[in-house]
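The values are calculated or read from the model by the stated rules, or taken from the named source; none is laboratory data. Keep in mind that what you see is a predicted model, and the values were worked out from it rather than measured. All Cβ positions, even for glycine, are placed from backbone atoms using ideal geometry, and neighbour counts span all protein chains on display. Please note that ligands, DNA and RNA were not included when accessible areas were found on the heavy atoms of the full protein model with its side chains. Shrake-Rupley method; radii C 1.70, N 1.55, O 1.52, S 1.80 Å.
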Amino acid sequence: MVQILTEYKQLTLYNMPLVAPFGFYGQASSAFLLDDYPGAEFAFSTRLLSSTYTGDCMRVRRSSDGNLLDVGFVDGYLDVDAIETFRGASTDVKINEWYDQSGNAMILSNAAQDTMPFIYFGGAYQTSLGKYAAQFHNAAFDKYLTNSNYDPNMLDDSSWFIVNTPQTAPSAQDGCMVQAQEFDAGTGFWRVDAMGFRDGGYFTRLTQDNANNTLNGFDTIQTDGNIISNIIDTSGASNVFKYNNSVKTDANNGRSNTGQGARLTVGRSGNIATGTSAFFSLNEIIYYNSDQTSNESGIVTNINDFYSAF
C-alpha cells in the first residue's frame with residue numbers, strides 16, 4: 001500500500017489530477033516571484049513567493065472542535081498533508097488567517113467562524129487551476145477576510161495580480177472580490193480601489209473625492225481559472241485590465257456599498273454591514289502600491305509558469 005501511494009504521488013507531480021490523496025499537487029515554481037519583483041505591499045498565496053520568507057502560509061480552523069493550526073509550506077507549496085492530519089473527521093476546515101509574504105506583516109483574518117472562507121468543504125479540498133485555493137462563498141455563506149490596520153496611500157497608482165476561478169458566471173454575480181480603501185479626513189470622503197463581478201463580468205471601481213469612476217473590466221460568462229493583472233493610474237482615473245494577458249476594455253458598474261469598513265477586504269466590499277460577496281476560489285493575490293507596467297510581463301509569466309492558466 002505504501003509503495004502504491006508513493007508511486008501515485010510521483011505520478012501526480014506530472015499529471016496534477018484534480019483530486020489526490022493527502023492533497024499532493026506538485027512542487028511550486030523554483031522562481032520566487034517576490035525575489036525577482038520585490039516591493040509588493042502585500043502578497044497572499046498558497047505557494048511560496050519569496051526565498052527569504054520563513055513564516056507559515058495560513059492558520060486554519062476545523063469545524064469539529066474549533067481548534068486552530070498554523071500551516072506552512074513543503075517544497076514551496078501549502079502543506080496540505082498537515083491539514084489532512086489535523087482535519088481528522090471534521091466536515092470542513094476554514095481559513096482563520098492568511099499570512100502576508102511581502103515582509104510587511106499584513107494578515108488577512110476573520111474571527112467569526114461562520115464567515116471564514118474554506119480550504120476544505122463538502123468532502124473535498126477547494127481548488128482553482130488544479131491547485132489549492134481559498135473558496136469565498138456569496139449569498140447566505142458570505143465568506144471574507146479583512147485587515148483593518150492596513151494604511152494604504154490611495155493617491156498612488158496601484159497594480160493588482162490575482163489568480164482565481166469564479167464559481168458561477170461573473171456576468172450573473174454582484175459581489176466584490178477585493179477592496180482597499182482609506183478615509184481622507186481633509187475631504188471627508190473615502191478613496192477606494194475595488195474589483196469584483198457585476199453587470200456582465202469583472203469590474204474595476206476607483207473612488208476619489210466622492211466621485212466613482214467605472215474603469216475597464218471584462219464581460220464574460222466563463223468560469224475558467226484565470227490570471228488578472230490590473231494596473232490603475234489613479235490621477236488619470238484609468239486602468240489597463242488584462243485577463244490571461246489579454247487586454248480587456250469592458251467598463252462595468254462597480255459595487256456601490258464600498259466605504260466605511262475594513263481598510264482591506266477580500267471576498268466582499270469593505271462595508272461589511274451592507275456589502276455583497278463574490279463567489280470564487282482564490283489562489284493568490286499580490287498588490288503593489290505603485291505602477292508595475294514595466295514588470296507586468298515578468299510577473300504574469302512567473303504566475304502562469306506555475307498555474308498554466310493560458
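Numerical summary
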{"read-out": "Filtered residue count, the stretch 33-47, keeping only those that are surrounded by fewer than 24 Cβ atoms within 10 Å (Cβ to Cβ), in a loop (DSSP other than H, G, I, E, B) and of a type outside the set (S, T, Y)", "value": "3"}
{"read-out": "Selection status of T187, of a type in the set (S, T, Y) and under 19 Å from the mean Cα position of the chain (by Cα)", "value": "no"}
{"read-out": "Test result for S90, more than 23 Å from F42 (Cβ to Cβ) and part of a loop (DSSP other than H, G, I, E, B)", "value": "yes"}
{"read-out": "Options Y125, Y53, Y132, Y77: the member that is in contact with a Lys or Arg (Cβ under 8 Å, 6 or more places away or on another chain) and of a type in the set (F, W, Y)", "value": "Y77"}
{"read-out": "Within the stretch 190-210, tally of residues that are among the charged types (D, E, K, R) and within 17 Å of the chain's Cα centre (by Cα)", "value": "1"}
{"read-out": "Residues of the stretch 185-206 classified as of a type in the set (S, T, Y), out of contact with any helix residue (DSSP H, G or I) (no Cβ under 9 Å at 6 or more places or on another chain) and closer than 11 Å to F218 by Cβ, total", "value": "1"}
{"read-out": "The stretch 68-96 - residue that is under 16 Å from N283 (Cα atoms) and small (G, A, S) and, of those, surrounded by the most Cβ atoms within 10 Å (Cβ to Cβ)", "value": "G76"}
{"read-out": "Subset of the stretch 97-149 that is among the acidic types (D, E) and within 15 Å of the chain's Cα centre (by Cα) - its residue that is least open to solvent (accessible area, probe 1.4 Å)", "value": "D100"}
{"read-out": "Any hit, the stretch 256-264, residues being over 18 Å from E182 (Cβ atoms) and without any contact (Cβ under 8 Å) to a residue 60 or more places away in the chain", "value": "yes"}
{"read-out": "Which listed residue, of D156, D224, is over 19 Å from R268 (Cα atoms) and either in a helix (DSSP H, G or I) or at pLDDT 95 or above (or both)", "value": "D224"}
{"read-out": "Any hit, the stretch 31-46, residues being without any contact (Cβ under 8 Å) to a residue 60 or more places away in the chain and touching a helix residue (DSSP H, G or I) at 6+ places or on another chain (Cβ under 9 Å)", "value": "yes"}
{"read-out": "Matching residues in the stretch 48-67 - criterion: being surrounded by fewer than 22 Cβ atoms within 10 Å (Cβ to Cβ) and more than 13 Å from Y120 (Cβ to Cβ)", "value": "S50, S51, T52, Y53, T54, G55, D56, R59, D65, G66, N67"}
{"read-out": "Residue satisfying all of: in the stretch 280-307; open to solvent by 10 Å² or more (accessible area, probe 1.4 Å) and in contact with a Lys or Arg (Cβ under 9 Å, 6 or more places away or on another chain); farthest from Q179 (Cα to Cα) among these", "value": "F306"}
{"read-out": "Condition check for S281: at pLDDT 95 or above and in contact with a Ser or Thr (Cβ under 8 Å, 6 or more places away or on another chain)", "value": "yes"}
{"read-out": "Test for D199: is it charged (D, E, K, R), open to solvent by 60 Å² or more (accessible area, probe 1.4 Å) and within 30 Å of A185 (Cα to Cα)", "value": "no"}
{"read-out": "Any hit, the stretch 169-176, residues being open to solvent by less than 20 Å² (accessible area, probe 1.4 Å), in contact with a Leu (Cβ under 8 Å, 6 or more places away or on another chain) and at pLDDT below 95", "value": "no"}
{"read-out": "Residue selected from the stretch 233-266 under the condition at pLDDT 95 or above and buried (at least 18 other Cβ atoms within 10 Å of the Cβ), by the criterion farthest from L145 (Cα to Cα)", "value": "K248"}
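Table: residues versus (1) over 22 Å from Y37 (Cβ atoms); (2) among the small types (G, A, S).
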| site | (1), (2) |
| --- | --- |
| G55 | no, yes |
| D81 | yes, no |
| A89 | yes, yes |
| M106 | no, no |
| A111 | yes, yes |
